[in-house]
1. Go through the range 112-166 and give me each residue that's hydroxyl-bearing (Ser, Thr, Tyr), within 30 Å of residue 86 (Cβ to Cβ) and either assigned to a helix (DSSP H, G or I) or free of Cβ contacts under 8 Å to residues at least 40 places away in the same chain (or both).
2. If you check residue 393 against the conditions, is it modelled with pLDDT under 95, part of a helix (DSSP H, G or I) and either out of contact with any Pro (no Cβ under 6 Å at 6 or more places or on another chain) or within 14 Å of residue 327 (Cα to Cα) (or both)?
3. Give 251, 219 a once-over and let me know the one that is open to solvent by 30 Å² or more (accessible area, probe 1.4 Å) and either part of a loop (DSSP other than H, G, I, E, B) or closer than 23 Å to residue 284 by Cβ (or both).
4. (1) in contact with a Gly (Cβ under 8 Å, 6 or more places away or on another chain); (2) at pLDDT below 95; (3) open to solvent by less than 20 Å² (accessible area, probe 1.4 Å): which one isn't true of residue 303, the others all being true?
5. Evaluate the following for residue 231: is it closer than 29 Å to residue 350 by Cβ, out of contact with any helix residue (DSSP H, G or I) (no Cβ under 9 Å at 6 or more places or on another chain) and charged (D, E, K, R)?
6. Just give me the residues in the range 1-46 being over 22 Å from residue 245 (Cβ atoms) and either touching a strand residue (DSSP E or B) at 6+ places or on another chain (Cβ under 8 Å) or among the hydrophobic types (A, V, I, L, M, F, W, C) (or both), in sequence order.
7. Can you list the helices (runs of 4 or more DSSP H) lying wholly within the range 1-74 that have 1 or more residues being among the hydrophobic types (A, V, I, L, M, F, W, C) and either open to solvent by 10 Å² or more (accessible area, probe 1.4 Å) or modelled with pLDDT under 95 (or both)?
8. Find the residue count for the range 344-385, including only residues that are of a type outside the set (Val, Ile, Thr), open to solvent by less than 30 Å² (accessible area, probe 1.4 Å) and more than 22 Å from the chain's Cα centre (by Cα).
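The values are calculated or read from the model by the stated rules, or taken from the named source; none is laboratory data. All of these numbers come straight from a predicted model, not from anything done at the bench. Backbone-built Cβ (ideal geometry, glycine too); neighbour counts: all protein chains shown. We work out accessible area using only protein heavy atoms, side chains counted, and drop any ligands, DNA or RNA first. Shrake-Rupley method; radii C 1.70, N 1.55, O 1.52, S 1.80 Å.
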Amino acid sequence: MDYNYLAELLFPDVTETPEDMEKRFPKRELPEGAVVSRMAPSPTGFVHLGNLMQGLTSERLAHQSGGIMYLRVEDTDAKREVKGATETLIEMLSHYGIFFDEGAALDENGKIYDKGIYGPYKQSRRAAIYHVYAKKLVKEGKAYPCFCTEEELTAMREQQEANKETTGYYGKYAIWRDRPLEDVQAALAAGKPWVLRFRSTGDGERQFKFDDLVKGKLTVTENNVDHVLLKSDGIPTYHFAHAVDDHLMRTTHVVRGDEWLPSLPFHIQLFQALGFKLPKYVHIGPLMKMDGSSKRKLSKRKDPELALTYYKAEGFPIPSVREYIMTVLNSNFEDWRRANPDADIESFKFSPKKLNPAGSLFDYAKLVDVSKNVISRMGAEDVYTQLLEWAKEFDTDFAAKLEAD
């Protein structure tokens, strides 16, 4: 296979190179040890407690090290996008004291704009950048086009399930992996749609060690699946887009939920194949609650307390929620608070190593207790002002009485 020829065949319009991208997105001039972290949500319209936990973790890591925190919007899955979701996310997080140094931001008219030189910060506007790296991988024989139809992929999966095999596009099932150039040319000439797949060099029987800043040393199985990098419309999958973006935006630490751990072997492979330095990973365990005598994950459908709007409606002051989240995130925070009752929360030395690797238990009674302590340290005027503001939105009759007397 002439990989250079194949790359030109698939990406004839891509003239920029990875070297051009390196110049366009230069290394950051930051102090030694400064963390560059990010929040990278999908704009689905639901802002939850997990977002706040990840946001506070990212914010503390970045700002207590003299670093940068930015907001990137991962909107490559158009089917899931909700209109106005990015604006809602920015407003809700800023309500809880999480502000971004750069990234997607709101101007004074509530319109989204790019703040910073590493944009665009919406992935849907970065397609040309991803194609530069897609072409690079094809040139190096690390990616290839696949013309399988949905029917073929479904039949493949059903056969794997019947054989009790791992499902996925790998081994003998990766039927386009080593096809001759003539077959690829014929499929392109016939106008067949194609996706770009990663050529995995992993072995599903091999394992390796990996250090996570929360979970510690993990034993991870290599990825052997030829995952999709670009969909048939040229839009990247999350996996490919986030690897390119985290490198070009010079991300040093990735904070995310531990539901991403199964994808970690593929992500490590991708960074290696692209020649990028791997960021440090901070995989946060799930938020749970007691259900009878057992624990379960907080659910969007069952648990109103998962939504951030719940705390505003219930009247919890912003500092109360931040204090409570910090008790959940760092096991030594309560001891620090007892020793420093009047200190600014920003002066607490946050550490990802103090997070519970198995996840944390949401405790409403604890939240109320923390909130009592926070309110007890407020001045009367502050309590009145915040209560009146709450009442105007959630209890107008009470607001009228408060204003009258």
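1. If the condition is that a residue be hydroxyl-bearing (Ser, Thr, Tyr), within 30 Å of residue 86 (Cβ to Cβ) and either assigned to a helix (DSSP H, G or I) or free of Cβ contacts under 8 Å to residues at least 40 places away in the same chain (or both), then 113, 124, 130, 133 are the ones that fit.
2. no
3. Only one candidate passes the filter, namely 219.
4. Checking residue 303 against (1) in contact with a Gly (Cβ under 8 Å, 6 or more places away or on another chain); (2) at pLDDT below 95; (3) open to solvent by less than 20 Å² (accessible area, probe 1.4 Å), the one that fails is (1).
5. Criteria not met by residue 231.
6. Once the filter is applied, which keeps residues that are over 22 Å from residue 245 (Cβ atoms) and either touching a strand residue (DSSP E or B) at 6+ places or on another chain (Cβ under 8 Å) or among the hydrophobic types (A, V, I, L, M, F, W, C) (or both), the range 1-46 yields 1, 6, 9, 46.
7. 3-10, 49-63
8. 3
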